[in-house]
Amino acid sequence: MLLRLWILCWLTLVWVLLWGDVSAANVIAGLVLALVITLLLPLPVVPVEGKLHPLSLLRLILQMAYWLLVSSIQLAWLAIRPGPLPVSAVLAARFNLKSDLVLALAVNLINLTPGTIGIEIDQNRRIVYVHVINVGSERALRNFYRQMKQLEQLLIAAFERDEDWRPAPEKEISNQRGAEAEA
């Protein structure tokens with residue numbers, strides 16, 4: 001219930017910001033529009049089995065900030081340096097993540113990093129195919145795979161520790177999916 005209220009408030013705020021004027025009419029119109037959106041276009045139920053660890057999440061955020069800074073500088077250098085174009089490739093990164101939600105978060109973090117973009121996810125095998133700029137050396141390849149392994153470890157520490165993992169029983173998940181199909 002708290003999540004639904006948050007979504008209503010967020011959508012209302014976005015509406016008011018789009019209009020650029022805080023008035024009673026804009027707030028009411030935004031709230032009505034938010035209600036229509038959430039009632040007619042409900043989000044699917046996403047099972048969340050793990051537990052959030054704030055210190056590990058902070059470590060993940062700091063590491064991502066560092067990677068973003070370094071990769072931005074590297075990409076800027078590749079753009080202005082003289083010489084041939086960098087070698088790019090599509091590389092497969094395997095993640096041992098249990099949750100589809102955390103796997104999606106991993107792909108979003110990859111996409112945020114300049115010079116990389118996730119182009120395909122093999123959900124069953126937990127493989128993400130990533131287009132990477134500048135893989136012309138063994139060192140660059142090692143760095144990419146090391147970074148993917150470290151990202152996986154940070155995500156597990158923040159969201160999927162074994163001691164906190166309480167997956168929903170398969171029967172409960174299938175019942176949720178059946179209820180969604182009927183709706």
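The values are calculated or read from the model by the stated rules, or taken from the named source; none is laboratory data. Quick caveat: nothing in here was measured; it's all calculated off a predicted structure. As a convention, Cβ positions derive from the backbone with ideal geometry for all residues, glycine included, and neighbour counts pool all protein chains shown. Ligands, DNA and RNA are stripped out before the accessible areas are found, and what is left, the full protein with its side chains, is counted by its heavy atoms. Shrake-Rupley method; radii C 1.70, N 1.55, O 1.52, S 1.80 Å.
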Using only protein heavy atoms and a 1.4 Å probe, report how much of Ser88 is accessible, in Å² to the nearest 10. 60 Å²
The local net charge around Arg146, scoring Lys/Arg +1 and Asp/Glu -1 for residues other than Arg146 whose Cβ lies under 15 Å from its Cβ, equals +2
So if I restrict to the alpha-carbon atoms in segment 54-160, what is the Rg, and what is Dmax, the biggest pairwise distance, in Å? 14.1, 45
Kindly state, to the nearest 0.05, the FRET efficiency for Val70 paired with Cys9, given R0 = 41 Å and r defined as their beta-carbon distance. 0.65
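What fraction of the Cα pairs in the chain, stated in percent, has a spacing above 22 angstrom? Working shown, then result.
Values: 10290 of 16653 pairs.
For the chain, the fraction of Cα-Cα distances above 22 Å is 62 percent.
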With r defined as the distance between the Cβ atoms of Ala104 and Leu31 and R0 fixed at 30 Å, what FRET efficiency is calculated, to the nearest 0.05? 0.55
Under a 1.4 angstrom probe, counting protein chains only, how are His131, His53 ranked by accessible area, largest first? His131, His53
Pairwise FRET efficiency - Asp21 versus Arg59, Cβ, R0 = 41 Å, nearest 0.05: 0.50
Spelling out what I want: for every residue of segment 122-134, take phi, set θ = phi - 60°, compute 6.51 cos²θ - 1.76 cosθ + 1.60 (Karplus), and round to whole Hz; glycine and proline get x. 9, 5, 5, 8, 6, 10, 10, 8, 10, 7, 10, 8, 6
To the nearest 500 deg cm²/dmol, what mean residue ellipticity at 222 nm is calculated for the chain from DSSP H runs of n ≥ 4 alone, each contributing -39,500 (n - 2.57), summed and divided by the residues? -20500 deg cm²/dmol
So what's the angle, to the nearest 10 degrees on a 0 to 90 scale, between helix 170-182 and the longest Cα principal axis of the chain? 60 degrees
So how many Å³ per residue does the convex hull of the Cα atoms of segment 1-40 work out to? 53 Å³
Given a 1.4 Å probe and the protein chains all in place, what does the accessible area of Val135 round to, in Å² to the nearest 10? 20 Å²
For the Cα atoms of the chain, what angle does the longest principal axis make with the long axis of helix 54-80, in degrees from 0 to 90, nearest 10? 50 degrees
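Can you put Tyr129, Tyr145, Tyr66 in order of accessible area, largest first, using a 1.4 Å probe?
Largest accessible area first, the list is Tyr66, Tyr145, Tyr129.
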